[in-house]
Amino acid sequence: MEQVETLKREVAAALAQAGDLAALDAVRVAALGKKGSLTGLMAGLRDLDPEARKAFGAALNVAKDEITALLDARKAELERAALDAKLARETVDVTLPPRPERTGRIHPISQTRDEMVAIFAEMGFTVAEGPDIEDDWHNFTALNIPPEHPARQMHDTFYLPDRPDGKAAVLRTHTSPVQIRTMLSQQPPIRIVAPGRTFRSDYDQTHTPMFHQIEGLVIDEAIHMGHLRGCLIEFCRAFFDLPDLPLRFRPSFFPFTEPSAEVDIGCSRKGGELKLGNYGDWLEILGCGMVHPKVLDACGIDSTRYQGFAFGMGIERPAMLKYGIPDLRTFFEADLRWLKHYGFVPLDVPSLATGLTR
Ligand code: PHE
């Protein structure tokens, strides 16, 4: 009987020492396993006389139950401790900013394009797109720039090998071919903007061979130049966030619009520093005009019934003005330090409701 008491005490002590489930199992095997101490005592029962065997056997059974209960209790304790440790280790403080700190940035061109689209979307424009690789007809001919027209030279076109269908392929020199694609695929009323890449063989301080434009096209039965003016004045003031930014519509020429104009915004360039506002100086930012009837005709739109306006604007220059980016060429150098400085955090999605980009 004393042996049983000792055994129970030993098991209790060993359990208190057992720090994890593996140690606990070792205690169980040592007591209750095939070669365990309690199992050994049970085996010894057969050498006792019947009376003693009965009493000792009962005591051993009680001891076995007690030891099993101790094991179960300690097991539950260890499991709870293990879970607590895991929870403590994996604590997430959801009030902290995201870690690791986000390093990705939205390129200023993308951000500026999205801001421009957001402003026009508010006015009811939808976004249209066209391919970077165009054919001669969409890029020039349908826009009333026939072969041999001097405007083709002015565009410093990148020519590609003729396509299998014999058409001359070019990298589009402006987004205006999207006007053509849109008018060929949908009937008026039309109100689209088309942002995208454009290409001209030109490289210096203020020109890169690839740049971006956003085109606008509005066609309906009673569209006139007042709509064009109102739309672009509203756009520029919203984009630069200057409610009284002066705009000047200066007569110009494009083969695909008649009349045509270029739009200048008020600025000052004193001391090499460029400021926007009513300072008497002017900066050209876009070309526009009333869509030429020949262009409507080329797209199968009845030019006696419909008319409209179009505009085309670079994206880089307004982006530089708005965000104080001094050098055009840095836009395309893929310098991560530059992008970290001038780029935008991905959650800063431009919308007029939230105040474009702050
Ligand atoms: N496509 C012209 C350019 O690239 C801009 C423009 C577009 C002018 C639409 C008038 C109308 O310079």
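The values are calculated or read from the model by the stated rules, or taken from the named source; none is laboratory data. Values in this document were obtained by computation on a predicted structure and should not be read as measured data. Here Cβ is always computed from backbone atoms with ideal geometry, including for glycine, and neighbour counts include all displayed protein chains. Quick note on the areas: whole protein, heavy atoms, side chains included, nothing else; ligands and nucleic acids left out. Shrake-Rupley method; radii C 1.70, N 1.55, O 1.52, S 1.80 Å.
Summary table below
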read-out	value
Options 89, 74, 102; residue that is more than 19 Å from residue 215 (Cβ to Cβ), free of Cβ contacts under 8 Å to residues at least 24 places away in the same chain and charged (D, E, K, R)	89
Selection status of residue 126, more than 30 Å from residue 337 (Cβ to Cβ), in contact with a strand residue (DSSP E or B) (Cβ under 6 Å, 6 or more places away or on another chain), in the same structural domain as residue 337 (by the TED database) and open to solvent by 50 Å² or more (accessible area, probe 1.4 Å)	yes
Top-ranked residue of the stretch 120-136 - restricted to ones that are acidic (Asp, Glu) and not in a strand (DSSP E or B), ranked as farthest from the ligand (Cβ to nearest atom)	122
Selection from the stretch 63-114 of residues that are among the acidic types (Asp, Glu) and either open to solvent by 100 Å² or more (accessible area, probe 1.4 Å) or over 30 Å from residue 3 (Cα atoms) (or both)	65, 79, 84, 90, 93, 101, 114
Which listed residue is in contact (Cβ under 8 Å) with a residue 40 or more places away in the chain, closer than 23 Å to residue 300 by Cβ and assigned by the TED database to the domain that holds residue 330, from 147, 131	131
Some residue of the stretch 137-158 being at negative phi, part of a strand (DSSP E or B) and open to solvent by 10 Å² or more (accessible area, probe 1.4 Å)	no
Filter result for residue 293 (in the same structural domain as residue 195 (by the TED database), modelled with pLDDT of 95 or more and open to solvent by 40 Å² or more (accessible area, probe 1.4 Å))	yes
Pair list, Cβ < 9 Å and 6+ apart or interchain, from the stretch 275-292 residues that are part of a strand (DSSP E or B) to residues that are open to solvent by less than 10 Å² (accessible area, probe 1.4 Å) and among the aromatic types (Phe, Trp, Tyr)	286/311; 287/311; 288/309; 288/311; 289/309; 289/311; 290/309; 291/309
Qualifying positions in the stretch 183-218 - of a type in the set (D, E, K, R) and not in a loop (DSSP other than H, G, I, E, B)	191, 197, 204, 215
First in the stretch 204-227 and farther than 16 Å from residue 261 by Cα and open to solvent by less than 10 Å² (accessible area, probe 1.4 Å), second anywhere and in a loop (DSSP other than H, G, I, E, B) and away from the ligand (no atom under 13 Å from the Cβ), Cβ under 7 Å, 6 or more apart	219/188; 219/189; 219/301; 219/306
Subset of the stretch 228-253 [under 14 Å from residue 264 (Cβ atoms), surrounded by 14 or more Cβ atoms within 10 Å (Cβ to Cβ) and within 13 Å of the ligand (Cβ to nearest atom)]	232, 249, 252
